[in-house]
1. Please pull out the direction-averaged projected area of region 96-169, using the convex hull of its alpha-carbon atoms, in nm² to one decimal place.
2. Quick query: amide H of V83 versus all other amide H atoms, modeled in the peptide plane; which residues come in under 5 Å with a sequence gap of 5 or more or a different chain?
3. Which links in K42/K93; K53/K158; K42/K110; K53/K93; K51/K93; K27/K84 stretch past 24 Å when you go from one Cα to the other?
4. Helix-only mean residue ellipticity at 222 nm, the chain, DSSP H runs n ≥ 4 weighted -39,500 (n - 2.57), per residue, nearest 500. What is it?
5. What number comes out for accessible area per residue over the chain if the probe is 1.4 Å? Units Å², please.
6. Per 10 Å bin from zero, what fraction in whole % of the C-alpha pairs of the chain is there, up to the bin with the longest pair?
7. For the chain, modelled as a GNM with alpha-carbon contacts under 10 angstrom, which of I80, I145, I36 fluctuates the most?
8. Return a whole-number percent for the relative contact order of the chain, with Cα pairs under 8 Å and 6 or more residues apart as the contact set.
Amino acid sequence: MSDANEWQNQNISVGIHPWDVTEDWQKNIPYIIRWISQPQTKAIGEIGLDKIKGPRLSLQKEAFIEQALLAEKVQKPVIIHCVKAIDELLSIKKEINPQQRWIFHGFRGKPQQMQQLLNAGFYISFGEHFNAKSVKQCPIDRMFIESDDSHLIYKEIKANICSLINDKE
Ligand SMILES: [Zn+2]
């Protein structure tokens, strides 16, 4: 990945995933800065918080906040990876008050939790596994669909989600 030209025809997102945050994560920031200003970089992510996997949460928080602030600087949206850390995520968003979109990726939670996120201005991205009630209740203009690392192709996931949206009433 040393040469930006290799990627010039692909849309990418760039960021240090919470699982990959190391004690010396700061040393990767110049590299991140160089990449996020590239036109093919459409988003910053996945960045976020994970209480199940990865290093201690305080370290994850530092890396997350710094990268979220970089996203504000380059005015690009953020793709959030968050596992069992919604309260922390909500308080960080409140603190930063970002102007850029924050997209919660792979959302599997219940409608009540989704509502908390929607109220805080989040966009919700659904993948292969989702709570059907949440999909039905999610406003279309706040929704994304993703394949992530699923074995299903994007089209299949989209079809599953759209069938739920269509029988809303
Ligand atoms: Zn993720």
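1. 5.2 nm²
2. Sorted by chain and number, the residues that satisfy this are L49, D50, K51.
3. Details: K42/K93 20 Å; K53/K158 28 Å; K42/K110 29 Å; K53/K93 21 Å; K51/K93 18 Å; K27/K84 27 Å.
Too far apart for the 24 Å limit: K53/K158; K42/K110; K27/K84.
4. Details: 6 runs with 65 residues, N = 169.
My calculation for the chain gives -11500 deg cm²/dmol from helical runs alone.
5. 57 Å²
6. Distribution as computed: 10, 37, 36, 16, 2, 0 percent.
7. Looking only at I80, I145, I36, the biggest GNM fluctuation is shown by I145.
8. 15 percent
The values are calculated or read from the model by the stated rules, or taken from the named source; none is laboratory data. Only a predicted model underlies this, so the values are computations on that prediction, with no experimental measurement involved. Using ideal geometry, Cβ is built from the backbone for each residue, glycine included, and neighbour counts are taken over all protein chains shown. When the accessible area is computed, the model is the full protein with side chains, heavy atoms only, and any ligands, DNA or RNA have been set aside. Shrake-Rupley method; radii C 1.70, N 1.55, O 1.52, S 1.80 Å.
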